[in-house]
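Colleague: I'd like to ask you about the structure that follows.
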Amino acid sequence: MGISYKKLKEIQNRQITEMSRMTPENVKLYDHISTIARHAPADERVQEEWILSAGRAIVQAQKDNKPARELYGADLEQDIHTQLGVTGTTPGKMAAVEVGERGPSRSTSPSTSAKKKANVVEPQPTENSGPVKRTPKWYAMIAWAALSFVMLIQGGVGLFVGWTGGDTEPFQHISLFSLIVAAIGGIALVEMLRRLAERPDDEGADKNTIPKVNLKGIIIYIVIVVLVLFVGYPLRDKLPVFTLAPWVSTVIGVVGLATLRPFFGEKKKA
């Protein structure tokens, strides 16, 4: 069945959350059973989901003041393999686990073996797996796209009106004020949509949970747009007005959209 890198990181983030709630002794046990599970001949997704559920069980046992080790039988490896639905395992599996345990130090994150598996499936996908960072380049890309769409729409409508014998005069002029509003409004719109679509944090939260609406963030962006309109509206007649034929506006819009990826896309590393 396999597992995508994004899903793998999602599950491992939850594992880390559960581990952060454990005592040092239980962290050591959790790391131990995680290593055993990852060496078992089971599907990687089954392994990671079982490790997550095991972490939750350990945390619950800890809350109930019960020894977490009692959750498993005397033969820890065999018990874990049984829970994973694995049969006929080879004796060499435990030896591999013991070698891993004799390392100089242990990390509180999921084992490096799982990370290596993820890197083999999809090399260096870390930049695309997380949320997009709100950098100046990100906002410049949104503004660029918004202006390109405005030019494309104005030019396209002007061409259509011209082909049908209509008056293209209204579509041959665009003011600097309109471009500023388009850029700021595009950024505000995208940010509002992003905030509306934000899900609860990935700390074991149910994916069916209704997304939380960040009203504060939405109001801030609405206020920014309103301020731009109120401040710029009196200046609309004083700001420059550009005269462009519909076909020129269309070309500018097409070129602008076509250059989004070359200008703002992530460059592949050799």
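The values are calculated or read from the model by the stated rules, or taken from the named source; none is laboratory data. No experiment lies behind these values; they were computed from the predicted model shown. Don't worry about glycine lacking a Cβ; one is built from the backbone with ideal geometry, like all the others, and counts go over all protein chains shown. Surface areas here come from the heavy atoms of the whole protein model, side chains and all, with no ligands, DNA or RNA. Shrake-Rupley method; radii C 1.70, N 1.55, O 1.52, S 1.80 Å.
Colleague: So how many residues does the stretch 42-66 have that are open to solvent by 60 Å² or more (accessible area, probe 1.4 Å) and in contact with an Asp or Glu (Cβ under 9 Å, 6 or more places away or on another chain)?
Modeller: 1
Colleague: Return yes when THR108 is at pLDDT below 55, open to solvent by 90 Å² or more (accessible area, probe 1.4 Å), hydroxyl-bearing (Ser, Thr, Tyr) and in a loop (DSSP other than H, G, I, E, B) and no when it is not. Break it down into steps so the answer makes sense when it comes.
Modeller: Values: at pLDDT below 55: yes; open to solvent by 90 Å² or more (accessible area, probe 1.4 Å): yes; hydroxyl-bearing (Ser, Thr, Tyr): yes; in a loop (DSSP other than H, G, I, E, B): yes.
So THR108 fits the description; yes.
Colleague: Only residues that are under 24 Å from LEU76 (Cβ atoms) and outside any helix (DSSP H, G or I): list them for the stretch 1-30, please.
Modeller: Of everything in the stretch 1-30, those that are under 24 Å from LEU76 (Cβ atoms) and outside any helix (DSSP H, G or I) turn out to be ARG21, MET22, THR23.
Colleague: Before we move on, is ALA205 closer than 23 Å to MET141 by Cβ and either under 30 Å from the mean Cα position of the chain (by Cα) or at pLDDT 75 or above (or both)?
Modeller: Taking the combined requirement at face value, the residue does not satisfy it.
Colleague: Right, next: In this structure, is ASP167 modelled with pLDDT of 70 or more and more than 20 Å from THR135 (Cβ to Cβ)?
Modeller: For ASP167, the condition - modelled with pLDDT of 70 or more and more than 20 Å from THR135 (Cβ to Cβ) - is met.
Colleague: Mind listing just one residue for me: the one in the stretch 67-79 that is without any contact (Cβ under 8 Å) to a residue 40 or more places away in the chain and out of contact with any Gly (no Cβ under 8 Å at 6 or more places or on another chain) and, of those, surrounded by the most Cβ atoms within 10 Å (Cβ to Cβ)? Walk me through it before giving the result.
Modeller: Of the residues in the stretch 67-79, the ones without any contact (Cβ under 8 Å) to a residue 40 or more places away in the chain are 67, 70-75, 78-79.
Of the ones still in play, those that are also out of contact with any Gly (no Cβ under 8 Å at 6 or more places or on another chain) are 67, 70-75, 78.
On the way: PRO67: 11, GLU70: 8, LEU71: 16, TYR72: 19, GLY73: 12, ALA74: 6, ASP75: 11, GLN78: 15.
My answer is TYR72.
Colleague: Within the set of pairs 6+ apart or on separate chains, which have a first residue in the stretch 240-265 that is in a helix (DSSP H, G or I), a second that is of a type in the set (Val, Ile, Thr), and C-beta atoms under 9 Å apart?
Modeller: Sorted first by the residue in the stretch 240-265, then by its partner, the pairs are PRO246/VAL157; PRO246/VAL161; PRO246/THR168; SER249/VAL150; SER249/ILE153; SER249/ILE174; GLY253/VAL150; GLY253/ILE153.
Colleague: Separate question: Restricting attention to the stretch 4-21, report how many residues are open to solvent by 20 Å² or more (accessible area, probe 1.4 Å), of a type in the set (A, V, I, L, M, F, W, C) and either under 12 Å from ILE58 (Cβ atoms) or at pLDDT below 90 (or both).
Modeller: 0
Colleague: Collect the residues in the stretch 138-171 that are open to solvent by 50 Å² or more (accessible area, probe 1.4 Å) and polar (S, T, N, Q), keeping them in residue-number order.
Modeller: Result: THR164, single match.
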